[in-house]
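The values are calculated or read from the model by the stated rules, or taken from the named source; none is laboratory data. Note that the structure is predicted; figures quoted are calculated from it, not measured. Heads up, the Cβs are rebuilt from the backbone with ideal geometry, glycines too, and the neighbour counts pull from every protein chain shown. Calculation scope for accessible area: heavy atoms of the full protein, side chains included, ligands and nucleic acids excluded. Shrake-Rupley method; radii C 1.70, N 1.55, O 1.52, S 1.80 Å.
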Amino acid sequence: MKTDFKLLIDGKLVDGVSTFDVVNPATEESFAQCPRASEAMLDEAVAAAKAAQPAWAALSADERQAYLNKLADAMEAHHEEFGRLLTAEQGKPLDQAMYEIGGSIYTIRAIAAMRLPDQTMRDAGGNTIIEHRTPLGVCAAITPWNFPVILLVGKMAPCLITGNTMVAKPAPTTPLTTLLLAELAADILPAGVFNVVCDQNELGPKLTGHPDIAKVSFTGSTATGKKVMASAAEGVKRVTLELGGNDAAIVLDDVPAKVAAEKVYNGAMANAGQICVAIKRAYVPTAMYDEFCAEIAKLTKAAVVDDGSKQGATVGPVQNKMQYDKVLAMIADAKANGTLIAEAAKPDKAGYFIAPTVIGGLSDDAPLVAEEQFGPVLPVLTYDDIEDVIQRANDSPFGLGGTVWGMDQLRAMDVARRINSGTVWVNQHLAIDPNIPFRGSKQSGLGSEHGTAGLMEYTQAHIINAVSLEAEPA
Ligand code: NAD
């Protein structure tokens, strides 16, 4: 596996001012060095993106699409290399890593094919009103460590296809797949169009506050998102924030407990629970509780927790030590105040392994219920009245996703309509599609990614409002 990486600034692959360790969370050992950029290098990256932007914007959208498709083709040619590197730095099982890379390639191609044609808003009585859209300039992408590749390309593709240029900054614990993408981009994209700088959490404010950054697209925690929003205020910068969530799964009383348990288990434990829209609390009818718990216990105990590069592993380690400690503390608190429904086995070796755990009997204000756990642990709660469960699901500062499970699809859709979240899936989960807008409500986010709405976020709308002088008296 490749272990030497460079930053991408102005089309050149360059060393940083120093390097830092990248740790494999399945071994707790450093397996590669990441180059660290200085503030001066960040300035160079922004200046290069600014210089490259007019020529990039002057290309036709079809020409920019051709560049992006070449990048997608190059990723496809390196699919397995990306997958293995992603497992090594992030921890997820290899099949899930390969799926993230496949989804990333698909996302680039799908977004590169989108267009924002002029809208004619009026064309009558000699008055023509057109709304057209132009790029913003240089955009910053700041990404977290749970899906480092697909979250990045979901920012890069709409940014570039609309004629902007970009400076990207990955999370310090998962920078390498971003640098592998940078290496491919260096051979494909014109110099300065896409730049990557890496840090150990110190360059974020400098990037978001930089006077030549027109827009910040941020995915990460709500706490950091608030800082990003504050630092963008000075320059009245555009921001897109995709932040934390505490998604409820509401199981209706007509679903077989076995079916519900399987769906909820998968929705809670995929990527070791480190998904912004993971199922983070499950509500089941009191009458179904015992059977549901028996079924979800079987699935939990069958989990194979191990190094993601080992065949057969279904749950990898948690990505970093800080998250590992946070999730373990939440599990300890929940075990002390609730009832353990089931816990998987975990390997007795180094690595940030947390056994998938399901806990019942907690109050609505218990930390595991009220806060975002972002790890492989799920609280199961009961309800008797549909109005009550809707109110409890909505009683959160978050509003990212959510699921409703019901045999009567229309009834389930009626419940879904009343959940105050950006997306509510009915009888499915994680159906994220580059063609469909994705956004958070309340403190889960601001603005959209994906779809035409997401593309618009990288543009400025201009109204051209014209009348004919021929109607004027001579
Ligand atoms: P984080 O907020 O700690 O870090 C995210 C990124 O912000 C990193 O690149 C980090 O270096 C950078 N950063 C840190 N301080 C900064 C500052 N002051 N200014 C600018 N950037 C700064 O988040 P995380 O722990 O890496 O990710 C987990 C969180 O991300 C969870 O809350 C999860 O729900 C959320 N998330 C949301 C979505 C979504 O689409 N809504 C998707 C994935 C993850």
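Rounded to the nearest 0.05, the FRET efficiency derived from the C-beta distance between Ala40 and Asp364 at R0 = 56 Å is 0.65.
Across the stretch 210-252, the residues whose backbone nitrogen lies under 15 Å from the label position 7 Å along the beta-carbon direction of Ser441 are 245-250.
Take Asp212, project a point 7 Å from its Cα along the Cβ direction, then tell me which residues of the stretch 168-185 have their backbone nitrogen under 15 Å from it. Only 168 pass the distance filter. In a reduced charge model with +1 at each Lys and Arg Cβ and -1 at each Asp and Glu Cβ, the chain shows a dipole moment near 360 debye about its Cα centre. Overall shape: prolate for the stretch 247-426, with the ratio a/c of the largest to smallest alpha carbon gyration tensor axis at 1.5 or above and a/b above b/c. Taking a ≥ b ≥ c as the square roots of the Cα gyration tensor eigenvalues, the stretch 2-104 comes out oblate, since a/c reaches at least 1.5 and a/b does not exceed b/c.
Placing a label point 7 Å from the Cα of Ser221 along the Cα-to-Cβ line, the residues of the stretch 335-373 whose backbone N sits under 17 Å from it are 367-373. Once the Cα-Cα distance is subtracted from the 0.36 nm per residue extended length, the Tyr99 to Gln428 segment shows a gain of 116.7 nm. The angle separating the long axis of helix 222-233 from the principal Cα axis of greatest extent in the chain is about 20 degrees. Rounded to the nearest 20, the size of the Cβ-charge dipole of the stretch 247-426 about its Cα centre is 700 debye, with Lys and Arg at +1 and Asp and Glu at -1. With the simple spin-label model, which puts each label point 7 Å out from Cα in the Cβ direction, the Lys298 to Asp253 separation comes to 2.5 nm. Classify the stretch 319-474: rounded, prolate or oblate, from the alpha-carbon gyration tensor (a ≥ b ≥ c, eigenvalue square roots; a/c under 1.5 rounded; otherwise prolate if a/b is larger than b/c)? Since a/c reaches 1.5 and a/b is larger than b/c, the shape of the stretch 319-474 is classed as prolate. Rounded to the nearest 10 degrees, the inclination of helix 94-112 to the longest alpha-carbon principal axis of the chain is 30 degrees.
Here the extension length gained between Ala113 and His132 equals 5.0 nm, from 0.36 nm per residue of separation less the Cα-Cα distance.
Determine the sum of side-chain charges near Arg109: Lys and Arg each +1, Asp and Glu each -1, restricted to other residues whose C-beta is under 10 angstrom from that of Arg109.
Values: positive: none; negative: Asp73, Glu76.
Net charge in that neighbourhood comes out at -2.
Element breakdown for the stretch 247-426 at a 1.4 angstrom probe: carbon and sulfur atoms account for 52% of the accessible area. Heavy-atom accessible surface of the chain, averaged per residue, reaches 41 Å², computed with a 1.4 Å probe. Straight-line reach from Lys215: taking Cα to Cα under 17 Å and skipping same-chain neighbours fewer than 8 places apart, the aspartates and glutamates in range are Asp43, Glu234, Glu242, Glu449, Glu457. Averaging Cα coordinates gives a centre for the stretch 80-152 and one for the stretch 428-474; these two points are 15 Å apart. Across the chain, the mean sequence separation of Cα contacts (distance under 8 Å, 6 or more residues apart), normalised by length, yields a relative contact order of 18 percent.
Taking Cα atoms only, the orientation of helix 79-90 departs from the longest principal axis of the chain by about 60 degrees.
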